[in-house]
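Trainee: Got a structure for you, questions after.
The numbers here are math on the coordinates, done by the rules we state, and not lab data. Because the structure is a prediction, the values reported are computed rather than measured. In this analysis, Cβ positions are derived from the backbone assuming ideal geometry, glycine residues included, and neighbour counts consider all displayed protein chains.
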Amino acid sequence: ASERTFIMIKPDGVQRGVVGDIIRRFEQRGYKLVALKMLQPPKALLESHYEEHKGKKFYEPLLEYIGSGPVVATVWEGVNVITVGRKMLGATDPAKSEPGTIRGDFGIVTGRNIVHGSDSESAAKREIGLWFRPEEVSDWKHTA
Ligand code: CMP
């Protein structure tokens with residue numbers, strides 16, 4: 001079924017200059033871009049986004065890092081985009097990501113893994129709602 005997912009290009013992805021490549025991969029695969037913005041994520045937003053990791057040893061460094069620079073937040077729509085999007089990203093640890101995936105092509109370590117993608121339907125709904133107001137997500141249709 002058609003669904004939506006939240007994909008965020010992290011500060012390392014922005015700094016490496018791979019924003020365009022990541023967007024191109026999703027467009028090329030056939031997914032529809034329905035929301036996009038660059039922002040410096042406020043701490044409160046990151047605390048909500050990463051609440052499941054609160055208390056873990058990487059939590060504070062993670063928030064500090066993601067909050068350190070602008071990120072590019074996007075929403076993509078299409079058939080199985082949550083699962084297929086995760087495959088396109090590769091494993092969380094870039095060392096375990098297959099070449100051909102985004103992390104497998106651009107990343108080396110988990111703390112700088114270039115991109116985030118929702119891992120379930122409930123996470124996708126929650127994350128899209130955290131990062132975008134409803135009117136920021138466009139319901140555009142193909143007319144050409
Ligand atoms: P992400 O998909 O954004 O979700 C949680 C993030 O925490 C993960 O990607 C990594 O960037 C980061 N992280 C840092 N260290 C670890 C770790 N040991 N295990 C899992 N995630 C980690």
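Trainee: What is the sum of charges, Lys and Arg at +1 and Asp and Glu at -1, for the other residues whose Cβ falls under 15 Å from the Cβ of Ile128?
Mentor: Here the charged neighbours net out to -2.
Trainee: Let me ask you something else. Stokes-Einstein D for segment 44-90 at 10 °C, 1.306 mPa s, Kirkwood Rh over Cα pairs, in µm²/s?
Mentor: 126 µm²/s
Trainee: Also, quick follow-up: Would you list, by chain and number, the lysines whose Cα falls below 20 Å from the Cα of Lys96, excluding same-chain residues fewer than 8 positions away?
Mentor: Once the sequence-local lysines are set aside, what remains near Lys96 is Lys10, Lys87.
Trainee: If the only charges are +1 at each Lys and Arg Cβ and -1 at each Asp and Glu Cβ, what is the size of the charge dipole of the chain around the Cα centre, to the nearest 20 debye?
Mentor: 180 debye
Trainee: Would you mind counting up the charge near Ser68? Only other residues with Cβ under 14 Å from its Cβ, with Lys and Arg at +1 and Asp and Glu at -1.
Mentor: Numbers: positive: Lys10, Lys43, Arg112; negative: Asp12, Glu60, Glu64.
Combined, the nearby Lys, Arg, Asp and Glu give 0.
Trainee: A follow-up question, please. Please report the net charge: other residues with Cβ closer than 11 Å to the Cβ of Gly100, K and R +1, D and E -1.
Mentor: Net local charge, Gly100 excluded: +1.
Trainee: Take every Cα pair under 8 Å in segment 4-144 that's 6+ residues apart, average their separations, divide by the length, and report that relative contact order as a whole percent. Intermediate values should be presented prior to the final figure.
Mentor: Details: 218 pairs, mean separation 50.1, N = 141.
RCO, segment 4-144: 36 percent.
Trainee: Filter Lys32/Lys54; Lys32/Lys56; Lys57/Lys125 down to the pairs with a C-alpha to C-alpha distance above 30 Å, please.
Mentor: Result: Lys32/Lys54; Lys32/Lys56 exceed 30 Å.
Trainee: Can I ask one more? When the Kirkwood radius is taken over all Cα pairs of the chain, what Stokes-Einstein diffusion coefficient follows at 10 °C and 1.306 mPa s, in µm²/s?
Mentor: Here the translational diffusion coefficient equals 104 µm²/s.
Trainee: Using every pair of alpha-carbon atoms in segment 75-131, split the distances into 10 Å bins beginning at 0 and state the percent of pairs per bin, rounded to integers.
Mentor: 26, 47, 27, 1
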